[in-house]
Amino acid sequence: MASTALSMRQRRMVQALWRFGPQSRIQLHTQLGLRPNTVGADADRLVRLGILRESDGVVRGRGRPARPLRIDDRRRQVVGLALRRQRIEVARLSLTGQLVGQILGQEVAEPRDMVGVGAACLRACVDRNTLAVGISTPGFVESEAQRIVFSAIWPAHGPIPVQELYRASGARPVVLENDMHALAAQWLLSQRCEPREDALLVYIDDGQLGSALLVGGRPNRGCITGANELGHTRLPVATEGCYCGQTGCIERIVSSAFAGGGRPGLTLAQRLARGGDPKVDEIVGHLGMVLANAVNFTRVQQLVLAGPLGALPALAEPLTRLVRRLVLPTLAERITMDAWGQSVAAPGIVAGWLALTQILIDSWE
Ligand SMILES: [Zn+2]
């Protein structure tokens, strides 16, 4: 296989086409401040590699008609592998993030089989057209050491070596990340902008709250790569026990169990849909407090609410109103808050977006 490694300049060209859509060589020359011959040579290589293609239509201007270049969504792909609790998912994405073929899902009853089954799935999906591989997992990872340090997929186990997954990917770049970082990669790329601003992405589901902090387009790395553990922010509130060993965690509060006072009944989603539920108001109050504290602490420009409950207007609207009221007034004027509706893709697809960071986001690593 010929090398598909791209120079920084070639990546900038692909990234410009990602952000601004199809452009002619002349437009790229003007926009990137590169010599026309350099643009021509780089573009030819990218077309040969199957990363760019010529658009079907032509642009007429001065000189001879030009065919704009665009990212090739037909020839090359990336592969995403999501490790979940007792389940593995693999998806193939085009270089524009579209699912190619079917998602391959497999139940894995025994945690110790996880890596072997994942490697077999990768060997089945990775082929000569695969440019990069993204691997997502809950918990903490060390990608240089090619291992998962701790994860809910295998809680009783110490570090899990994943070299076998790297070997199954061949010589391609592999990105191993926490699954919240994978979601953050998808969000960042869906914005199609220069990642200048800092953002706090909060994923909210029933009894599950994850977050990722992006600083200048790069996930906050900290002392170990993992999600920002906002879900285990504790409040002096009686809840059922959390798997972290404590009680009062915000992710135990944002749950059907808390909303129902431990009795079976309506789910939190049903209570949100019905409206006028005092227990929901209480949950929004606690969650608003936690998010406002997080915004004060990080001073991000953007707060993004994601996930099956987070993106629901019935939760997102009262929540963002409350957060704006609770944060420091100077920050309230400056922050934008959005619910991200497209934040519930299958985990294998989300892992595929991690692989796309290799080509589309220079700041990621
Ligand atoms: Zn907890």
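The values are calculated or read from the model by the stated rules, or taken from the named source; none is laboratory data. In this text the structure is predicted, and so the values were computed from the model without any measurement. Backbone-built Cβ (ideal geometry, glycine too); neighbour counts: all protein chains shown.
Listed values, structure above:
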{"quantity": "Within the range 3-33, considering residues that are out of contact with any helix residue (DSSP H, G or I) (no Cβ under 9 Å at 6 or more places or on another chain) and over 26 Å from Gln186 (Cβ atoms), the one modelled with the lowest pLDDT", "calculated": "Ser3"}
{"quantity": "Among residues of the range 258-286, those that are without any contact (Cβ under 8 Å) to a residue 60 or more places away in the chain and either of a type in the set (Gly, Ala, Ser) or touching a strand residue (DSSP E or B) at 6+ places or on another chain (Cβ under 9 Å) (or both), counted", "calculated": "9"}
{"quantity": "All helices (runs of 4 or more DSSP H) inside the range 271-335 with 3 or more residues being modelled with pLDDT of 95 or more and more than 27 Å from Gly222 (Cβ to Cβ)", "calculated": "278-298, 313-326"}
{"quantity": "Test: Arg112 is out of contact with any helix residue (DSSP H, G or I) (no Cβ under 6 Å at 6 or more places or on another chain) and surrounded by fewer than 19 Cβ atoms within 10 Å (Cβ to Cβ)", "calculated": "yes"}
{"quantity": "Complete set of residues in the range 21-53 that are free of Cβ contacts under 8 Å to residues at least 24 places away in the same chain and within 26 Å of the chain's Cα centre (by Cα)", "calculated": "none"}
{"quantity": "Selected residue (only one of Ile283, Ile224 is β-branched (Val, Ile, Thr), over 30 Å from Ala145 (Cβ atoms) and not assigned by TED's automatic domain parsing to the domain that holds Phe150)", "calculated": "Ile283"}
{"quantity": "Subset of the range 1-56 that is among the basic types (Lys, Arg) and within 20 Å of Asn129 (Cα to Cα) - its residue that is surrounded by the fewest Cβ atoms within 10 Å (Cβ to Cβ)", "calculated": "Arg48"}
{"quantity": "Unique match (being among the basic types (Lys, Arg), on the phi > 0 side of the Ramachandran plot and surrounded by fewer than 23 Cβ atoms within 10 Å (Cβ to Cβ)) among Arg334, Arg299, Arg324", "calculated": "Arg299"}
{"quantity": "Some residue of the range 269-279 being within 16 Å of the ligand (Cβ to nearest atom) and within 24 Å of Met337 (Cβ to Cβ)", "calculated": "no"}
{"quantity": "Top-ranked residue of the range 210-234 - restricted to ones that are hydrophobic (A, V, I, L, M, F, W, C) and either within 11 Å of the ligand (Cβ to nearest atom) or at pLDDT below 90 (or both), ranked as surrounded by the fewest Cβ atoms within 10 Å (Cβ to Cβ)", "calculated": "Cys223"}
{"quantity": "Test: residue in the range 124-138 that is buried (at least 16 other Cβ atoms within 10 Å of the Cβ), of a type in the set (A, V, I, L, M, F, W, C) and over 15 Å from Gly348 (Cα atoms)", "calculated": "yes"}
{"quantity": "Selection status of Gly134, in a strand (DSSP E or B), of a type outside the set (A, V, I, L, M) and in the same structural domain as Leu354 (by TED's automatic domain parsing)", "calculated": "yes"}
{"quantity": "Scope the range 243-267; condition within 16 Å of the ligand (Cβ to nearest atom) and more than 18 Å from Gly307 (Cβ to Cβ); matching residues", "calculated": "Tyr243, Cys244, Gly245, Gln246, Thr247, Gly248"}
{"quantity": "Among (1) within 16 Å of the ligand (Cβ to nearest atom); (2) on the phi < 0 side of the Ramachandran plot - the single one Gly207 does not satisfy", "calculated": "(2)"}
{"quantity": "Single residue of Arg112, Arg67 found to be touching a strand residue (DSSP E or B) at 6+ places or on another chain (Cβ under 7 Å) and modelled with pLDDT under 95", "calculated": "Arg67"}
